[in-house]
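The structure appears below as structure tokens.
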Amino acid sequence: MPEQHEGTERHATPQRPGGSRLGRRRLLRAGLGAGGALATVRLLPGGTARAAAAPDTDHGTAQYDGSRPATRNAGPRTGTATTAQVWPDWARYARIADGTFNEPADMQGYIDALKAQEVSVIELDTLLSDWLTDAQFAAHMAEVKTFTGLAHAAGLKVVMYYPSLELISPGGEKGRSFYKNDQGGNWVQRDLAGKPNVFYGSVVVWVDPGDESVWLSPNSPWRDYYLKRIKGVAATGVDGIWPDVPIYFDGVLSWCDASTWGAAAFKADTGLALPKAADFADPVFRRYVEWRHRNLLRFQLDIAEAGRSVNPDLVTFVETVSMDYRYATSIGLDGGYLRQAPGAVSQVWEVDILGNYDGMRHATASDWVCLISMYKYARAASGTKPAWAFSYGWQADDASLVMSQLIAAGCNPYEVKTPFKNDTVDAAMRTRMYRFVRTNQAKLYDPAPIAQVGVYHSAPSRDYVAPGEGNGMYVNATAPAGITDWWGGDDPEMSCASIPWLGEFRGTVKALVYAHVPFDTVPSPGLTAEDLARFKVLLLPNLQAVSDAEAALLRGFVSAGGTIVITGPAPTALDELGGRRAEFALSDVLGLRRADPLPASRQNSYGSGSCWYVKGLPGLSYLARTDQASADQLLTAVRQSAPPAVTLAGDRRIFLDARRLGADTVVHLVNFTNFGDAPAAFRSTPANCTLSYALPASAGVTAVTVASPDGTDPAPKAVPYTVTAGTVSVPLTVAQYSVVTITVG
């Protein structure tokens, strides 16, 4: 069965225009697949483009000639719309919550309630999932303008949620629908066999029984239709646009979009005809896999530009469900591709949890490491831009711990109760956590990273190394007793421990977390020498697929004095499209030739730096067994070349991260010590530890403070410390989350 997880972006069922405006969101698709809901899917027959019925005059259909793809952006555009922008403070310090209104008279009440919970940004989710006529859309935009004005008067910002490639026709299974009676039949995404990506209710939770969901091709005239409406949203005075998951939806079909629009775009970009089937042995199919990432990137940039053409101050946050695991391969949306894009366009990362109705309450310690990995990836893949992220929870205690990890990674929280997203887990918890963020926002979001260790996330290795069925979101794919709607659907192939490339990546992260070594993820798309310059050690887990340009940057990093640790049985043996290389791309750095037998391990000097090679997969081994020998294969080079200035004596299940703000070293500590090797009921017990910091030469400590959201007062407070032989030591008790600031002078 193809991968079927889009995320847990979910919402309660809305009423229709004239009734409640409560919007809908997504259900965990892995659970959907496991439950067999796809057996009830109702697809329209036929694989060829069907002629659309003559539309009514008031359906808002874009004008097109029927013979060409809609205007496509060939890449980032030039001009003022995409020049570098300084992100406004409200976006950098955002504390986000879902908001809507049932009737205009209810607007002020919703706004006041969110403000009281310390929310600073309202994600407004209303009717825009539905097929609306131009008149309905215009009338609703007038209401959005009123809501926005009231929010601004209260000192809050508004970002408008708007699905980007899906359109739902209420009652469309038996009644009129965008697919049957407007342009949906012509503009729909299609799989490689030509089947249309349209379905009817009871397949996913956000499509009510009897409703129609059609997923549109971003290369069809839908692009112009949607961008025109984006401009209409921008004209209401909202502060930002929140396009929902621009993906090739794989809930009912795989490997879309092979529509005539997609085929023409692929041909224009590559000179190739579409592949006939999904076959990773076929170089054309592998090219298609990568092309879909770039094609969706262009669509995202066009959305942002359309909004800024109306309001130059508008920001865009694209909801992105694909994290560091393998889902981006199947749906096409690779968040790392947006990292270097110019202008005020970033992501809202939909970081998923284990159970729809349990949150992270039955996580293992390794599952928690996976959550850490996802938030660290989110922060890195957004580059220097704000990284907003979902903070899902089931009860107040697990919700606050998840949010603590999100904040510690440098992301902005969007707190919601699983499995829906229109409510808080607990208003008091949200208020307490958001007050902590507001009180300490400069320390949380202004510091520069100081990690000297990077973990390389290779998008092409994710796509092309041992492709399979599982997506690898977490380790434990089997639901604990009594827990329903578990992410993995009891399929062991879903586990990242069953996926060689991802398991090696996640196990490398685990080794660093358990050793209390600060690190940052390094996404491969758009890699530059500047991305690598601040690191002393770069870990390259199971790195196989690299471009010549990537290889040159990695070679330059080592030559200039850096250390790399590369693992796996085929180091740099593939090109960026998964094709076999005649010789390793980094053969000179490795000191190995492809024709020679690979040693179990090897150290090789190159230029002023060094390369440590391990043939096996020690990260995958450590993920599964937590054996110190495997960790040492990854960490010995780190200890020698980049011993951290900040260290921790305490349980290895205390996450540590550190950043620098002027004369301050800001250290984040998150306590996940109550998670073990097997799922157990959630509890939260304070943990004792001692934080140490090796002072710079001739520097002294002027203050040490600790701030935490765990109590009633989030302000930093002075704590005792000692200084011995140039090292400051701070004894601490961490409940869930502590932020320690060491000031030197």
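The values are calculated or read from the model by the stated rules, or taken from the named source; none is laboratory data. Note that the structure is a prediction, hence the values are computed from the model and not measured. Cβ atoms come from the backbone with ideal geometry, glycine included; neighbour counts cover every protein chain shown. To get the accessible areas, we keep the full protein, side chains included, count just its heavy atoms, and leave off ligands, DNA and RNA. Shrake-Rupley method; radii C 1.70, N 1.55, O 1.52, S 1.80 Å.
Between residue 538 and 454, 563, 564, 565, the built amide H atoms are under 5 Å apart, and every one of these is 5 or more places off in sequence or on another chain.
Once you have a ≥ b ≥ c as the square roots of the Cα gyration tensor eigenvalues for segment 469-609, tell me rounded if a/c is under 1.5, and otherwise prolate or oblate according to whether a/b is larger than b/c.
Details: a/c = 2.25, a/b = 1.74, b/c = 1.29.
The shape class here is prolate.
Placing +1 on the Cβ of every Lys and Arg and -1 on the Cβ of every Asp and Glu, with nothing else charged, gives the chain a dipole about its Cα centre of roughly 1100 debye. To put it simply, the accessible area of segment 255-384 at a 1.4 Å probe is 54 percent carbon and sulfur. 3J(HN,Hα) along segment 517-529, derived from phi through the Karplus expression 6.51 cos²θ - 1.76 cosθ + 1.60 where θ = phi - 60°, amounts to 9, x, 8, 10, 7, 10, x, 6, x, x, 4, 10, 4 Hz, with x in place of Gly and Pro.
Over segment 82-208, what is the relative contact order in percent, taking alpha-carbon pairs closer than 8 angstrom and at least six residues apart? The partial results should precede the final answer.
Values: 131 pairs, mean separation 25.9, N = 127.
Contact order relative to length: 20 percent.
In the chain, Cα pairs under 8 Å separated by at least six residues give a relative contact order of 12 percent. Summarising the label geometry, the points placed 7 Å from Cα in the beta-carbon direction at residue 552 and residue 718 lie 5.6 nm from one another. Using a probe radius of 1.4 angstrom, the carbon and sulfur fraction of the accessible surface of segment 682-745 is 59%.
Here the gap between residue 92 and residue 608, fully extended at 0.36 nm per residue and compared with their Cα-Cα distance, gives a gain of 181.9 nm. Each residue of segment 123-139 was assigned a 3J(HN,Hα) from its phi angle through the Karplus curve 6.51 cos²θ - 1.76 cosθ + 1.60 (θ = phi - 60°); the sequence is 8, 8, 10, 10, 9, 6, 6, 8, 5, 10, 6, 4, 5, 5, 4, 4, 5 Hz, with glycine and proline shown as x. Distant-in-sequence amide contacts of residue 241, defined by a placed amide H-H separation under 5 Å and a gap of 5 or more residues or a different chain, comprise 160, 315, 316, 317.
What is the gain in length, in nm to one decimal, between residue 384 and residue 639 on full extension, counting 0.36 nm per residue of separation less the C-alpha to C-alpha distance? Write out the running numbers ahead of the final one.
Numbers: separation 255, 0.36 × 255 = 91.80 nm, distance 2.80 nm.
Roughly 89.0 nm would be gained on extension.
Need one word for segment 430-522: rounded, prolate or oblate. Basis is the Cα gyration tensor (sqrt eigenvalues a ≥ b ≥ c); a/c below 1.5 gives rounded, then a/b vs b/c decides. It comes out oblate by the Cα gyration axes.
For residue 415, the residues whose modelled amide H falls within less than 5 Å of its own, excluding neighbours fewer than 5 places apart on the same chain, are 96, 391. Using Cα centres only, tell me the gap between segment 536-567 and segment 153-206 in whole Å. Using only Cα atoms, the two centres lie 43 Å from each other. To test your reading of the geometry: what angle, between 0 and 90 degrees and rounded to tens, separates the Cα axis of helix 427-439 from the longest principal axis of the chain? Between the helix axis and the principal axis of the chain, the angle is about 60 degrees. In the chain, the DSSP-assigned H stretches of four residues or longer account for a calculated mean residue ellipticity at 222 nm of -8500 deg cm²/dmol, using -39500 (n - 2.57) per stretch and the full residue count as denominator. Angle of helix 500-514 to the longest C-alpha principal axis of the chain, folded into 0 to 90 degrees and rounded to 10: 50°. For the chain, the longest principal axis of the alpha carbon atoms and the long axis of helix 628-641 meet at an angle near 80°. Coupling constants for segment 179-185 follow from the phi torsions by the Karplus curve (6.51 cos²θ - 1.76 cosθ + 1.60, θ = phi - 60°), and in residue order they are 6, 7, 10, 10, 8, x, x Hz; glycine and proline get x.
The distance separating the Cα centre of segment 332-400 from that of segment 241-267 comes to 23 Å.
Would you indicate which of [x] 104, 95, 50; [y] 80, 64, 56; [z] 84, 55, 46 is the value of Cα extents along the principal axes in Å derived from the coordinates of this structure? Read-out from the structure maps to [y]. Take the chain with all the other protein chains still there, run a 1.4 Å probe, and you get 32 Å² of accessible area per residue.
In this simple spin-label approximation, residue 469 and residue 112 carry label points 7 Å from Cα along the Cα→Cβ vector, and these lie 5.5 nm apart.
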